[in-house]
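Below is one structure, written out as structure tokens; comments come after it.
The values are calculated or read from the model by the stated rules, or taken from the named source; none is laboratory data. What you see is a predicted model, and the numbers here were worked out from it, not measured in a lab. Cβ atoms come from the backbone with ideal geometry, glycine included; neighbour counts cover every protein chain shown. We work out accessible area using only protein heavy atoms, side chains counted, and drop any ligands, DNA or RNA first. Shrake-Rupley method; radii C 1.70, N 1.55, O 1.52, S 1.80 Å.
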Amino acid sequence: MSKHEFTIDDLKRILHTSAGVPEGVDSGADILDVAFDSLGYESLALLETCGSIEREFGISLDDDAMGITDTPRTLLRLVNEQLVAPSTT
């Protein structure tokens, strides 16, 4: 897998594929600092999304860090930190 920067467009695509588009959510709006639950995504949807991100980008997301990932901005930061981290394998 290519380790390019994980963008908001990547996140939106994976969220929509993994969990759908919640009713009433403007997918074109600026959602970087909107809580996932306010966007209509519950914890199960985020788990599915994170699993898809891990598979597509070849990274492993820490469960503890996922507990504090409540907005798209924090998830983007977490994924991008993993993309630049040296591999331990």
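Enter the accessible area per residue of the chain (Å², integer; probe 1.4 Å; all protein chains in place). Let's see the in-between values first.
Numbers: 5490 Å² over 89 residues.
Result: 62 Å² per residue.
R0 = 35 Å: FRET efficiency of Glu81 with Ala29, Cβ-based, nearest 0.05?
Values: r = 25 Å, r/R0 = 0.72.
The formula returns an efficiency of 0.85 here.
At 37 °C and 0.692 mPa s, grab the translational diffusion coefficient of the chain from Stokes-Einstein with a Kirkwood Rh over Cα pairs, rounded to a whole number in µm² per second.
Numbers: Rh = 13.3 Å.
Answer from the Stokes-Einstein relation: 248 µm²/s.
Of all accessible surface on the chain at a 1.4 Å probe, what whole percent is carbon and sulfur?
Details: 2750 of 5490 Å².
Carbon-and-sulfur percentage of accessible area, whole number: 50.
How much net charge surrounds Ala35 when only the other residues with a Cβ under 12 Å from the Cβ of Ala35 are counted, with Lys and Arg +1 and Asp and Glu -1? Walk me through the intermediate numbers first.
Values: positive: Arg73; negative: Asp33, Asp37, Glu42, Asp70.
Residues near Ala35 contribute -3 overall.
Separation between the His16 and Glu54 pseudo-spin-labels, each 7 Å from Cα along Cα→Cβ, expressed in nm?
In this crude spin-label approximation the distance works out to 2.5 nm.
Using the basic label-point model (7 angstrom from Cα toward the beta carbon), what is the Ser43 to Ala65 distance in nanometres?
2.0 nm
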